[in-house]
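Just so it is clear, none of the values below were taken in a lab; they were calculated from the coordinates. For clarity, every value in this text was computed on a predicted model and none was experimentally measured. Cβ coordinates were reconstructed from backbone atoms using ideal geometry, including for glycine residues, and neighbour counts include every protein chain displayed.
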Amino acid sequence: MASKEDILKKYRANVREKFDMPDLSDIAAITYADPLLQFMNMVKSVGGNAIEVEKGRDINELIKELYPDAQEIASNLPEITIATRNPDEVGRARDLNGTDVGVIRGCFGVAENGCVWIPQQMKEKAVCFISENLIILLDKTQIVNNMHEAYRRLSTHDAKSGIDQFDEYGYGTFISGPSKTADIAQVLVMGAQAARSATVLLL
Amino acid sequence: MKVGLFIPCYVDAVYPEVGVATYKLLKHLGIDVTYPEKQTCCGQPMANAGFEKQAIPLAEKFEEKFKDFDYVVAPSVSCTAFVKINYPRLIDHECVTAKKCMDVVEFLHDVVKVDRRLGTFPHKVSLHNSCHGVRELGLSSPSEQHVAPFNKIKDLLQLVDGIDVVEPKRHDECCGFGGMFSIEETAVSAQMGRDKVERHMQTGAEYITGPDCSCLMHMAGVAHKQGLDIKFKHVVEILAAGL
Amino acid sequence: MSTQHSKAAKQFLKNQTYAHWHDATFWAVRTKRDNMAYGLDEWEQLREKASAIKRHTITHLDEYLDQFATNAEKNGVEVHWAKDADEFNEIVYGILKNHNVKKMVKSKSMLTEECEMNPYLEARGIEVVETDLGERIIQLKGQKPSHIVMPAIHLNHDDVGELFEEKGISKEKGNHDPTYLTYRARLSLRNEFLTADAGMTGANFGIAETGDIVVCTNEGNADMSTSCPKLHIAAIGLEKVIPNYECLAVFQRMLCRAGTGQPTTTYTSHFRKARPTAHHMHIILVDNGRSEWIANPEHWESLKCIRCGSCMNTCPVYRRSGGYSYSYFIPGPIGINLGMLRDRQAHSGNVSACTLCLSCQTVCPVKVNLGDQIYLWRQQLDDFGTANPEKKMMCRGMSMLYGSPGLYNFGTGLAHWANLIPSPIMNCGLNPWAEGHDMMKFPKKPFHELIKELKD
């Protein structure tokens, strides 16, 4: 494309002094004695819920308890038997509108900010955003301290971390709590354009 | 150790008592201090207004006048910062005075390392951390940064008998003088001045003190216009009080 | 000696209640940033690394841009290059036309504001719906953003309530509660997301190593904009491309902490390719002056900016004058600098809207030397032909006075006569100092005379 070569050529010619990449291996990033505890506290502080689920607890029962009035539950996870919709099978993304609870799986959590890494693992990622309430299932042993560790994990392309990767669908996101905005007079409101509540179920 | 005393133009013309206090204090501490005559200005007012080249002849004169001293000390953080940071840029040869130039607070704290009782000033004072002092000369830890807190001005003031030193909320927010800014952006400058004076007064202090007369001049101007009962003294006047 | 900024600021300050609220609100955001900074022992180290990564990246940007585009194309993404705003708008319109797009939803992008994309598309019959709540509010009001992160901050909840009633978004007249209004906006925008033919996002970062576009939002509107419509276009300024995930970690950790005082945005989304049920994803890389700015020896570091907004939050002048006082669409310290790079003639007036307190460059997460640069821009105004003539004359006068010790001594000797000038004359309106200050008293003897007595 004519513009690409012109732009790169011009830029290259205009750079004066060049600088080296700094060494990033000595960043003394924050770590926690109890990353799981920190993670749960951060999720709460950003307006989400974090619940440690006892072993053997029926997830579907738990979800029904948390959202007794929910009519439409969307999930492609095989263990979510109460799902009434499946983001793998809907005709169009917009058909997921009106979902009361979307249930998705996260890969790992980040203690410093309550983020959960969610690679797209369903045909329509809309389920993560269009649902009124979002439930994220997370293995509680999969918590990293900070974003350096998180991105290091995403950078490693080995079989073990294959599950983190998002090459298949080409989309992944860190979600920390429910969507929110303070755009009207700086008053913080939970529930902007995406989920109005976010609950991490730690399994 | 020979110290040359640099008295900036507005200290010379409007606040000579600050120059006197500086001279007396240095002499009291046994320092060999000389005041070279025929000083005028460091050039900062023109430079901040966009005409820094006009500071070049002044920088040359400064270099000539002060080059043989071990230290050049001034009771003004803004002028000191201007000399240190800009003279080496403006002069086309080596500028030795820029390296030797220090604000009096810096000098007393870091070179003389004063640790004995100084003057007497049994009053509550609110400390004004002038921007040039905080963010250019490192007189105190900037509130923007995550660094171990320190305040050289406060350390020196604590050596004064009877004094009670407090700091206002937003303790290193700008007073709004800014040189030409005060007569160009009159509304914002006055608002900043009024806001700052109000925060100082909320501490209950009788005096507002700081290391730069331009900040004090600006705040005094807005305070008096509002008829507010608050007094102003440069730090060095307090350090030298009663000596 | 006034500028557009000083006049607008004077107006702004007339409403003291609002002006105090504006100042307090942004100081509160600055305080939240401080708490974030104090909570991380590595904060200053991160700033240094972030600055160094950016200096490296933008001085090797041609390599990283090539790598980014190559990887994006490997992912099946169409990559376009726009040399300027006009070309950008043409490319966007071309893509939308090819896909028969009638309505496009978009998440926040200051780049599209820079290119004035919305009016361009609207003039050609394409409806553009802003989905960031603040951007949507000002779009409906026909206004420009007054802050790069909080664009509608100049409006209060009554302004928004009345707007929503007028536009039929709100159903309960008089209910101006922000929670209610946000909910009504949600319903309105939900409908837009579902019926739009295309979604456009900006990009906080582009990752050279993988070809990812990374978008950070609290609202989830970038994700909704790309979840339902069949087309995704991402607009990205050249300087937003960074090398890899290791670098991204540094910036992601700082962006929200610096800008809004939160540890993270709710969503940090990576877009590598289109959804399986959608058309191709398009990325448009935009130059629009950046390849020239890198050549500017005093101002190239402004290209490090990650658009967090922390400089304006801390700026005591911005807080007391508001975004609309500045002539450039980006206000505050970074706006002053970018405005001068964009058009020095048009935006020279902003350069004096600064006390050189340097708070901006002390908060900046990537250490852009914002205040130092403003000082340097001032030195060039005379060459640009935009220096204020009164200032120039005053400086010439001072130069003469200070250049001659004899003249200076004579002048300072006479200064105390000014004390006798009656107040009505001092305050007659020709003396700008007297607008907000009482005059200082000139002593009878300046220091250089008193010292002679001291020595004796």
Under-5 Å amide H pairs with A:Arg105, H placed in peptide plane, nonlocal only: A:Leu137
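Residue by residue through C:131-137, how many Cβ atoms from other chains fall within 10 Å of the Cβ on average?
Working: counts 2, 4, 7, 4, 1, 2, 2.
Averaged over the peptide's residues, the number is 3.
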Return P(r) of region B:2-112 (all Cα-Cα pairs; 10 Å bins starting at 0; whole %; ordered from short to long distances). 15, 51, 29, 5, 0
What angle, in degrees between 0 and 90 and rounded to the nearest 10, separates the Cα long axis of helix C:43-59 from the longest principal axis of the Cα atoms of chain C? 70
On Cα atoms only, tilt of C:157-166 relative to the major axis of chain C in degrees: 40
In nm, spacing of pseudo-spin labels at C:Glu435 and A:Asp58 (7 Å Cα→C-beta vector): 7.5
Quick one: Karplus J couplings for region B:30-47, per residue in order, coefficients 6.51, -1.76, 1.60, θ = phi - 60°, nearest Hz, x for Gly and Pro? x, 8, 7, 10, 10, 10, x, 7, 6, 7, 10, 8, 7, x, 4, x, 6, 5
Dipole axis of region C:128-171 (+1 Lys, Arg; -1 Asp, Glu on Cβ), positive-most option in C:Val128, C:Leu163, C:Ala152: C:Val128
If R0 is 35 Å, what FRET efficiency do you get for A:Val15 and A:Thr156 from their C-beta distance, rounded to 0.05? 0.60
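Do you know the relative contact order of region C:28-122, to the nearest whole percent, from alpha carbon pairs under 8 angstrom that are 6+ apart?
Working: 21 pairs, mean separation 17.7, N = 95.
Reported as a whole number, the value is 19 percent.
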Using modelled backbone amide H atoms (1.01 Å from N, in-plane), which distant-in-sequence or interchain residues come within less than 5 Å of C:Val241's amide H? C:Gly206
Under the rule of at least 5 residues apart or a separate chain, name every residue whose amide H is placed under 5 Å from the amide H of C:Ile233. C:Gly199, C:Met200, C:Thr201, C:His282
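Roughly how many debye, to the nearest 20, is the charge dipole of region B:79-118 about its Cα centre, given +1 on each Lys and Arg Cβ, -1 on each Asp and Glu Cβ, and no other charges?
Values: 7 positive and 6 negative charges, 33 e Å.
For region B:79-118, the charge dipole is close to 160 debye.
Taking the Cα centre of chain C as origin, work out the dipole magnitude from +1 charges on Lys and Arg Cβ and -1 charges on Asp and Glu Cβ, in debye rounded to 20. Display every interim value, and only then the final one.
Details: 51 positive and 52 negative charges, 166 e Å.
That gives chain C a dipole magnitude of about 800 debye.
What is the local net charge at B:Arg116, summed over the other residues whose Cβ is closer than 15 Å to its Cβ (Lys, Arg +1; Asp, Glu -1)?
On the way: positive: B:Lys113, B:Arg117; negative: B:Asp115, B:Asp155, B:Asp161.
Residues near B:Arg116 contribute -1 overall.
Averaged over C:244-257, how many beta carbons belonging to a partner chain fall within 10 Å of each residue's beta carbon? Intermediate results must be reported in sequence, preceding the final value.
On the way: counts 4, 9, 8, 4, 6, 12, 7, 1, 7, 9, 1, 0, 2, 1.
Averaged over the peptide's residues, the number is 5.
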Quick one: which of C:349-357, A:37-45, A:12-20 comes out on top by average Cβ neighbours within 10 Å, and what's the full order, highest first? C:349-357, A:37-45, A:12-20
Counting only other chains, what is the mean number of Cβ atoms within 10 angstrom of the Cβ of each residue in peptide C:273-284? 3
Farthest toward the dipole's positive end in the protein assembly as shown, which of C:Tyr64, A:Ile143, B:Val188, given Cβ charges of +1 (Lys, Arg) and -1 (Asp, Glu) about the Cα centre? B:Val188
Work out, in µm²/s and without decimals, the Stokes-Einstein translational diffusion coefficient of the protein assembly as shown at 37 °C, 0.692 mPa s, Rh from Kirkwood over C-alpha pairs. 111
One finds the C-alpha centres of region B:102-118 and region B:40-87 to be spaced, in Å, by 22
HN-Hα J in Hz across region B:210-216 - Karplus 6.51, -1.76, 1.60, θ = phi - 60°, x for Gly and Pro: x, x, 9, 5, 5, 4, 5
Hey, how many Å between the Cα centroid of region C:212-251 and the Cα centroid of region B:195-243? 50
Please report the spacing between the Cα centers of region C:366-401 and region C:1-76 in Å, no decimals. 24
For B:His28, placing the label point 7 angstrom along Cα-to-beta-carbon and taking region B:119-137, residues whose amide nitrogen sits under 15 Å are B:119-123
Charges only on Cβ, +1 for Lys and Arg, -1 for Asp and Glu: so what's the dipole of region B:1-111 about the Cα centre, in debye to the nearest 20? 40
Taking the Cα atoms only, what angle lies between the long axis of helix C:85-98 and the longest principal axis of chain C, rounded to 10 degrees? 20
Could you work out Rg/(2.2 N^0.38 Å) for region C:247-297, with Rg from alpha carbons only? 1.66
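In this model, which of B:Lys152/B:Lys233; A:Lys9/C:Lys54; A:Lys10/C:Lys108; C:Lys106/C:Lys230 are farther than 23 Å apart at the alpha-carbon?
On the way: B:Lys152/B:Lys233 17 Å; A:Lys9/C:Lys54 20 Å; A:Lys10/C:Lys108 29 Å; C:Lys106/C:Lys230 13 Å.
Flagged as over cut-off: A:Lys10/C:Lys108.
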If you plug each phi of region A:101-111 into the Karplus form 6.51 cos²θ - 1.76 cosθ + 1.60 with θ = phi - 60°, what whole-Hz ³J(HN,Hα) values come out, in order, with x for Gly and Pro? 9, x, 10, 10, 10, x, 8, 7, x, 10, 5
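With runs of 4+ DSSP H residues as the only contributors, calculate the mean residue ellipticity of the protein assembly as shown at 222 nm using -39,500 (n - 2.57) per run, divided by the residue total and rounded to the nearest 500.
Values: 40 runs with 382 residues, N = 902.
Taking each H run of at least 4 residues, the total per residue is -12000 deg cm²/dmol.
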